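Trainee: Quick one: the structure is below, and I'll ask about it shortly.
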Amino acid sequence: MKATPLSNCERRFLLRAVQEKKRLDGRQCYDYRNIRVSFGADRGCCIVDLGRTRVLAQVSCELVPPKPSRPTEGVLFFNLELSPMAAPGLEPGRQSELLVSLNRLLERCLRDSKCIDTESLCVVAGEKVWQIRLDMHLLNHDGNITDAASIAGIVALCHFRRPDVSVQGEEVTVYTPEERDPVPLSIHHMPICVSFAFFHQGTYLLVDPTEREERVMDGLLVIAMNKHHEICTIQSSGVVMLLQDQILRCSKIAAVKVAEITELIQKALENDQKARKEGGKFGFAESIPNQRITAFKMESAAVDTNDVEEQAGEIIAKADPPSEVIANPVLHTPGTAQIGEGIESSWGDLEESEKEEAAEEEGESEAAAFECEKVETEDTSTVRKTKSDEPIVLSDSEEEEVVILEPQELPRKTRTQTSSKQENPSKKAFNKRRRKKRTSR
Amino acid sequence: MLQGYLGEYTAPLIHGLIHVAVRLCRDAWLQRRAQAAPEERGERGDTSVLAGLYGPAEAKVSKELPDRAALEVLLRPKVGLPGVLERSREQLLRQTCEAVVLGVLHPRTAISLVLQVLSDAGSLLSCCLNAACMALLDAGLPLAALFCGVTCALQPDGTILLDPTARQEQEARAILTFAIASSDRKVLMATTKGSCSVEEMQQCLAAAQRAADTIFQFYRDSVRRRYSKC
C-alpha cells in the first residue's frame, strides 16, 4: 500500500497554524492528547491510546541461560513492531529507519535507565535466569509513537507477573499460577518519554505532535524522565539546532507531564488490580464496549443443537458414497513408486529428446462429501515417465534422479490436476539439467 | 447492497462481542468471552482479534492481478515473530475472503487485511474469521456473502463443544473450524486438527451451521447499532 504524500498546501497550512499557535485538534502548545490505558485478561498485556495512536504491549518470560558476561543478571528483550494496519505506508517486513530509531530509543529508555532490577531475575547464577520479553505493536499511527510505546511498555512491565520459582540446591521448581501466586517484577522507577516537535528553525515548539505535525516538523527532541525528575534518556534529531535554555525549558515541561502521566498509570494499575481481586470482569472484552458507544456486546448464549445428529445422519445417508480412492501404490523398484496415472505434457510441441523428459503426476487425496476449498494434501512419491517409445539412457551422474523406463506397455494417459506449483519449476529444472547434460556430451 | 444480505435468519448466538470503530482504515474488534465457571480462576480470558483493512488501493506492479483485486492477509501474533502456523492461517483466511469478495469489480488493486491477535483463549481461527468478515463489511467492500467462523471441539467421549476455551481445546480429541457463508449456510472453509469420523464431522458441521445463524444475527445487530449511533 502506498502512503499518500503530504500536499504543499497542507504543509503550508500546518506551518502557518503553528506560527499562530493553533493546532488542528484545538490543543494548546503544551497539551497532551487523552491517554487511555486498558488491560487485557493476560497478565502483562495492555493497550495504550494516546489520542488516536494506539500501541499494544505484551510481556512474557522464559527461563534461559544467562549471557556469559553477566551470569547473575536476567535478560531483557524489547521489540517494537509497526503493524501494517497502523498506516497505509507501512509494509510488512521492511526495516525502515523509523522502526530502527524507535526501537533503539525505547531500548535506551527502558534498558539503560535500569528501571527493571535484573539481579532479581536471576534464579541459578550462571545457569538459569529469567528472560523478560516485551513485544509492542503499533496498531494505529497518529503521531508520537515514542511516547505511546514507552507508556505501554512501562505499564505492561508493571502489570506483569512472573511465575514464582524456588531453588533447592540444584533443583529449580517453577510454580504454576494455580500453585503459587505469580510475583511482580521489581521495578525501580518508571521512565516515560516526552516528545517535543520544533518548527520554523526552533522558534515554535509543540508537545505531543500528531502525525500531520510530525510530517512538517523541523526537529524532534525526546526526553525520557521519571517522576523523580531524573532524565533517563535525551535525544535530539532532525535539522534543528537547539539552544541550552530551550532544552532546559523542555525538561521542565517534561517533568510536569511525566508527573501527570505517572499518576494516570498508577490509577489505571490500581483499578485493574481491584477489578481482578474482586473477581469482577476484566480484559478487553469488558473495557472496549464501555469506551465506545458504537460497540455492541452480547453475552454467551446457548445454541440449540438438539436434532443435530439426525440432520447429520440424513446428510450422510443422502450423500453419494465417496468416489473410489485410487491409493494403491505400484512399486517399481525399491525407492520408486507410482500412484495414479501420468498425463500428457501440456507444453505443446516439444522436440523428441525433450519429450523423453516429460513429466508425471501426483496422487490426490479424495475430496470429502461436502464442499471444501482447503488445499488438498498431495502425495510426494512421484516417478518420471516417458511418453515416447525410445529407450532412454540412465544418466551416469549420481546427482540426477533415476529415470525408470516404461516402454510401450503403458498407453498415453490423461493428466490429473496438478495441485502443486512446486512441481512445475522442478520439472523445468529437471529438463534444463538434462538438456545441459546432453549438450555437454 | 448490504441490505440484501441481511437476511431473515434468527437463532441464538454462541457469544461474543464485535466492536467496530471508524479509523484511518476500517477496523473491527472481535472478542470472545470464554465460557467460564466463576470458580475456575484459570479459565478467565477472552479471545480478541483486531482487524484492519486497507483497500481497494493501488497495488505494486509485482503483486497486481490483471482481472481482479489481489487480496493479502497478514496475521500477527502477540508475542514473537509470525511463524508457519500464522502463515497457514493467513492462507486459510485469504482463500475464504477471496471466495466472497467480488474482486473482479476492482482489478489491479490490492486489498490488504491485517489481523492482530490481542489475546488468545481458544477458538482463535474462528475469531479471526469473524473479525475479517466484519472488517470487510465495515469497509464497504462488495461481497457475495458474509461468512463466519465456528470452532467445534470433539471431546474424547464424543460430545461436541462449540467455541472451546484453550483448556477444552487441549483436552479435545479433534478440533474442527468451519467458515460458513451467510447466503445458504454452505461451507467455505473447513480445517481440522485431530481425527474424527465422517459422522462426527457432519454433526459438528450441522452444529456449526446452527451457531452460524446466531453469529449472523449478531453481525446484523452490531452493524445496526454502529450505523445508528454515529
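Trainee: Express in nm, to one decimal, how much length is gained between residue A:241 and residue A:17 on full extension, taking 0.36 nm for each residue of separation and deducting their alpha carbon distance.
Mentor: 78.5 nm
Trainee: Which of the pairs A:318/B:186; A:128/A:267; A:2/B:63 have their Cα atoms more than 23 Å apart in this structure?
Mentor: Numbers: A:318/B:186 16 Å; A:128/A:267 35 Å; A:2/B:63 13 Å.
With Cα atoms farther than 23 Å apart: A:128/A:267.
Trainee: According to the Cα gyration tensor, what semi-axes, each the square root of 5 times an eigenvalue, does the equivalent ellipsoid of segment A:13-281 have, listed from largest to smallest in whole Å?
Mentor: 36, 20, 17
Trainee: Just counting partner chain Cβ atoms within 10 Å, what average do the residues of peptide B:112-119 show around their Cβ?
Mentor: Per residue, the average neighbour count from other chains is 6.
Trainee: Quote the FRET efficiency, to the nearest 0.05, computed for residue B:65 versus residue B:99 with a Förster distance R0 of 25 Å and r equal to the Cβ-Cβ distance.
Mentor: Values: r = 16 Å, r/R0 = 0.62.
With a Förster radius of 25 Å, E is 0.95.
Trainee: Amide H to amide H under 5 Å from residue A:74: which residues, 5+ apart in sequence or cross-chain, H placed 1.01 Å off N in plane?
Mentor: Amide H neighbours of residue A:74: A:119, A:121, A:122.
Trainee: Sticking with this structure for a sec: When you look at the Cβ of every residue in B:68-79, what mean number of other chain Cβ atoms sits within 10 Å?
Mentor: Rounded to a whole number, the mean comes out at 3.
Trainee: May I pose another question? Going highest first, how would you order A:200-207, B:186-193, B:136-143 by mean Cβ packing within 10 Å?
Mentor: The packing order, highest mean first, is B:136-143, B:186-193, A:200-207.
Trainee: While we're on this one: Karplus couplings for segment B:82-88 from phi (6.51 cos²θ - 1.76 cosθ + 1.60, θ = phi - 60°), rounded to Hz, Gly and Pro as x?
Mentor: With the stated coefficients, segment B:82-88 comes to x, x, 5, 4, 5, 5, 5 Hz.
Trainee: While we're looking at this one, here's another question. Arrange A:239, A:165 by Cβ neighbour counts within 10 Å, fewest through most, would you?
Mentor: Ordered from fewest to most neighbouring Cβ atoms within 10 Å, A:239, A:165 come out as A:239, A:165.
Trainee: Run the simple label-point estimate for residue A:99 and residue A:314 please: 7 Å along Cα→C-beta, distance reported in nm.
Mentor: 5.3
Trainee: Do the alpha carbons of any pairs in A:227/A:277; A:114/A:252; A:274/A:297 sit beyond 25 Å of each other, and which pairs?
Mentor: Pairs exceeding 25 Å: A:227/A:277.
Trainee: Also: Starting at the first residue of segment B:58-68, write each ³J(HN,Hα) from the Karplus equation 6.51 cos²θ - 1.76 cosθ + 1.60 with θ = phi - 60°, in whole Hz, x for Gly and Pro.
Mentor: 5, 9, 5, 4, 5, 9, 6, 10, x, 10, 7
Trainee: Here is a further query. Could you list which residues have their amide H under 5 Å from that of residue B:76, counting only those 5 or more apart in sequence or on another chain, with H placed in the peptide plane?
Mentor: B:115, B:116, B:117
Trainee: Within 10 Å of each Cβ of A:38-44, how many other protein chain Cβ atoms are there on average?
Mentor: That average works out to 4.
Trainee: Step through the residues of segment A:24-39 one at a time and calculate ³J(HN,Hα) from phi using the Karplus curve (6.51 cos²θ - 1.76 cosθ + 1.60, θ = phi - 60°), rounding each to whole Hz and writing x for Gly and Pro.
Mentor: So the J values, rounded to whole Hz, are 4, 9, x, 6, 7, 5, 9, 8, 8, 6, 5, 10, 10, 10, 10, 10.
Trainee: Also, I was wondering about something else. Quick check: convex hull of the Cα atoms in segment A:185-269, volume per residue, rounded to a whole Å³?
Mentor: 103
Trainee: A follow-up question, please. Please report the relative contact order for segment A:80-218, taking Cα pairs under 8 Å with a sequence separation of at least 6, and give it as a percent rounded to a whole number.
Mentor: Reported relative contact order: 25 percent.
Trainee: Take every DSSP beta bridge with both residues inside segment A:13-281 and express the antiparallel ones as a percent of the total, to the nearest 5.
Mentor: Numbers: 49 of 57 bridges.
Percent antiparallel among DSSP bridges in segment A:13-281 is about 85.
Trainee: Also, quick follow-up: Could you compute the FRET efficiency for residue A:256 and residue B:173, with r as their C-beta to C-beta distance and R0 at 51 Å, rounded to 0.05?
Mentor: With R0 = 51 Å, the Cβ-Cβ based efficiency is 0.30.
Trainee: Quick query: amide H of residue A:164 versus all other amide H atoms, modeled in the peptide plane; which residues come in under 5 Å with a sequence gap of 5 or more or a different chain?
Mentor: It is A:175, A:183, by chain and number.
Every number here is computed from the coordinates shown, using simple stated rules; none is lab data. Keep in mind that what you see is a predicted model, and the values were worked out from it rather than measured. In this analysis, Cβ positions are derived from the backbone assuming ideal geometry, glycine residues included, and neighbour counts consider all displayed protein chains.
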